[in-house]
Every structure is written in C-alpha cells, then in structure tokens.
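Everything on this sheet refers to the single structure shown next.
The values are calculated or read from the model by the stated rules, or taken from the named source; none is laboratory data. None of these values were measured; they are calculated from a predicted model. All Cβ positions, even for glycine, are placed from backbone atoms using ideal geometry, and neighbour counts span all protein chains on display.
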Amino acid sequence: MNTIEQAAKRLEELRRAGVEIGPADIARPPAADAATQPQPRPVAAAPAPAALTAVSSETARISRDEVPADLRRSRHVDLDLQRMARCGLLVPGNPRSQLEEEFRIIKRPLLENVRGQTASRPKRANIIMVTSALPGEGKTQTAINLAVSIAMELDHTVLLVEADVIRPSALDRMGVSVSKGLLDLLTAPQTDLSEVLLKTNIPKLTLLPAGTSSSRSTELLASAAMDALLEELATTYPDRVIVFDTPPLLPSTESRVLATSMGQVVMVVESGKTPLNTVKQAFAMVQECPVVMSMLNKYTGPKGNRTYGYYAP
C-alpha cells in the first residue's frame, strides 16, 4: 500500500470515530499523530536520465560545430558605419546609390570565377588581391567597398585582409583600432587564427588586421607559413571570399610576392593621372596571376546611359 492509500485509510478511520476533519487537518496531521509519523529525510535530486543527458550533450556539440573553428574565439568589433558613409564607403542598408551599382558590376565577374561559372576555375579563385601601380589611386577604398558589396551576397561570406602591412589604413577608415594580425600569425606560429580575426556588425564580414609592423614583411609574406595560411583560407570554407588590400606594386615588393599566390587581381587605375607606361609596368608584375582585371577609378566624365539616372545619389 502506498503513502496516499495509507493516508486515505487513516482519514476514513478518524471520520468513523467521530473526529471532525477539516481542510487544515488534511494538510497537516493532528499533533498526536504527527509525533508518530516518521520524519521526512532529505531527498537528493534525481540524476537526469542517461538518454536526456546524451541528447543535451549532442545538442551542445552540434551548436559548437555550426560555428567555424576560426571564429569560435574571435573578437567582435563594431564598425563606425556613419564614419564609413562619410568616407564614401558602402554601408549595407543605406539607400540605393550609384556606388552600390558600380560595385555590383565590378564583383560579378570575380564571383563567376569563384563559383566556377567560367570556362575554367582559377586556382584559389576565392582569394582576390586589390592593388594599384602607385599610391593614392584608391585601392584601399576599392578593397573595402568590394568586400562590403560581396558581404551583401546571399551565398558568400567575406574576409577582408589588411595586407598593406607597410601603411595599413583599411581598418582605420572603418573606425577600428587593433594591434595583432597577419604578421603576428607569420612571426609567431603558435598564434591561432581565431585570436586575430575580428567579427563585425556587418553580417558575413570578418576582418584580419595587418598586425605588428616588421622590417621583414616581404620575407614573411613570401614564406612557407604564408602559403600555408593562404591554402587554409582558400580551402576551409568554400563560400568564403578573401579580399586582400595590398601595397601599390611599383614602390614596394610585398604585392609582387603576394601576386604569385593569388587567384585573382583587381588593378585599380586612377583616371586621368596614372601614365600608361606605369600601368603597363604594373600589369607586367602580376602577369603570373591567373586572372587580372582593371578598374578605372575616380572617373568624372559623362556616365552614359548605363547609370539609369535614378540610381545616382
């Protein structure tokens, strides 16, 4: 007989004996009887069933696995979107503009190569180097806008690498100030990639800063460690596009070294300023890259009919 049945039988015996039983008595036994009742012992919490524990552990494991390994411990930074807009940079969610349309045109052939929609997919097609012949032609601005534009795609994530390790400025234009980055990965092999990656408040856009300045930057970028890093970046996540903002080609050697390992190159040429011979010389330095495209920047002439005036800001 269980406890409830015993209690019900005891109440029935009391009623037959003429004892009035009220609600309070039901909730609390009479004092005379309470002394004879065994005192309750503390009951330890019952362990969760094995099946439930297994499901909970599996759920936690799946949740962790859904997050890319190199992003699990990455820091989060908030980009200064207002500052970016003032600097002429693309900001997702802003009213449609001519600049946004122009980068839709620029990124389309690059993404076709990434997706293998051309005759042959270049090796490391998802690694795109943005450079120029000379300083001041707008290659950093182009790299940032290209990365943001690709981040607006439905099927791709983007890693923007601040590879202009001589004069890094990309992150500063976005309102971010950090120390460790690309060069730290190359000088300290024990540094984990996740320690230097920065997730941002622009969905699908992650940043890799230039890192601690080094007098051996060219040698570091030409090292086996750099090639291994590029291979990891290119192959780990098929939907990721990596955009490298690199130094100008003619006054430095870093970009010439990087060009041999890139899948695609975007050559930024300032309209009406960069001499033709200079442009030809820059193209000759990246001729080993499978795909080299040029972009005319700072053009101020007639825009033609393709701009559909209502897109213009």
State whether one or more residues within the range 295-309 are in a loop (DSSP other than H, G, I, E, B), touching a residue at least 40 places away in the same chain (Cβ under 8 Å) and more than 21 Å from residue 90 (Cα to Cα).
no
Count - residues of the range 118-165 that are touching a helix residue (DSSP H, G or I) at 6+ places or on another chain (Cβ under 8 Å) and surrounded by fewer than 18 Cβ atoms within 10 Å (Cβ to Cβ)
4
Quickly run through the range 233-281 and pick out the residues that are touching a Ser or Thr at 6+ places or on another chain (Cβ under 7 Å), assigned to a helix (DSSP H, G or I) and among the aliphatic types (A, V, I, L, M).
257, 258
Restricting to the range 207-230, name every residue that is touching a residue at least 24 places away in the same chain (Cβ under 8 Å) and in a helix (DSSP H, G or I).
217, 218, 220, 221, 225, 226, 227, 229, 230
Here are 183, 154: which of them is of a type outside the set (S, T, N, Q), in the same structural domain as residue 116 (by TED's automatic domain parsing) and not in a loop (DSSP other than H, G, I, E, B)?
183
